[in-house]
Amino acid sequence: MPAARISFRKRPRNLPPGRENKSVPDFFTYTATVANLSLSQQQKSQIAEAITTAHHTQTGAPRFFAQVLFFAANEGEHFVEE
């Protein structure tokens, strides 16, 4: 049976040219990629809430500074060495 996996990646938002060194709040996009399982809307909401809360707690930034995107890997696109 294939392994069920969910992985996360955090990326800072891209700043426009000339703004890279200015004091700009950190907006982050968190991506959750799911392979070999499907998440319900409730599960996605709970995961997004947990990520947003962690981001807010760790950075002090407003909660809306974090966004969470969910992606699903198609069958045959995810491999784990056993």
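Taken together, the values in this text are just the output of simple stated rules run on the coordinates, not laboratory data. Not measured: the values here are computed from a predicted model. Positions of Cβ are generated from backbone atoms using ideal geometry, with glycine treated the same way; all protein chains shown enter the neighbour counts.
Results, tabulated for the structure shown:
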| item | result |
| --- | --- |
| FRET efficiency, LEU39 to PHE79 (Cβ-Cβ, R0 30 Å, nearest 0.05) | 0.90 |
| Label-to-label distance, nm, for residues given as GLN46 and THR31 (7 Å Cα→Cβ offset) | 2.5 nm |
